[in-house]
Amino acid sequence: MKRFIPLVLALATSAAFADAPAKMQGGMLVGSNGMTLYVFDKDEAGSGKSMCNGKCAENWPPLAAAESDKTSGDFAVIAREDGKKQWAFKGKPLYFWSKDQKPGDTTGEGFNNVWHVAK
């Protein structure tokens, strides 16, 4: 019986992880598409708000959340200025960078000294 406990825990952890909007890969958070996620220094952790709207959000697309998505663990759903939903990690809204071309790209790291790979 003891041999099955680690397997059950591994399966439960995998199932919970599969439902997360992002995963840790190579020391950074990536979306389900494998693309790097970023945080913005102008966003205040835990405020429930994004400071990246309009043109900013065109260049830094938010990690979108569905209306039905709910906060879980370190991941929270916040409401954007335009009424859409966005995922946040440890209170910081998450974004993609429009200039990243393929999974693993981190070309947004350090952009204008206010954008950083989410970790």
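The values are calculated or read from the model by the stated rules, or taken from the named source; none is laboratory data. Computed from a predicted model, the values in this text were never measured in an experiment. No Cβ is skipped: glycine too gets one built from the backbone with ideal geometry, and neighbour counts run over all protein chains shown. Side chains included, ligands, DNA and RNA excluded: accessible areas come from the protein's heavy atoms. Shrake-Rupley method; radii C 1.70, N 1.55, O 1.52, S 1.80 Å.
Mind checking which residues of segment 89-102 are out of contact with any Pro (no Cβ under 6 Å at 6 or more places or on another chain) and in a strand (DSSP E or B)? F89, K92, P93 - these are the residues of segment 89-102 that are out of contact with any Pro (no Cβ under 6 Å at 6 or more places or on another chain) and in a strand (DSSP E or B).
Under the condition of being open to solvent by 30 Å² or more (accessible area, probe 1.4 Å) and polar (S, T, N, Q), which residue from segment 21-64 is nearest to R80 (Cα to Cα)? Only one residue tops the list, namely N53. Restricting attention to segment 76-108, the residues that are over 16 Å from S47 (Cβ atoms), open to solvent by less than 30 Å² (accessible area, probe 1.4 Å) and under 15 Å from the mean Cα position of the chain (by Cα) total 2.
Evaluation of V114 against the conditions (1) more than 13 Å from V30 (Cα to Cα); (2) out of contact with any Pro (no Cβ under 8 Å at 6 or more places or on another chain); (3) free of Cβ contacts under 8 Å to residues at least 60 places away in the same chain; (4) open to solvent by less than 50 Å² (accessible area, probe 1.4 Å) shows that the sole unmet condition is (3). Restricting the search to strands (runs of 3 or more DSSP E) fully inside segment 19-88 and requiring at least 1 residues that are of a type outside the set (F, W, Y) and within 16 Å of H116 (Cβ to Cβ) gives 22-25, 28-31, 38-40.
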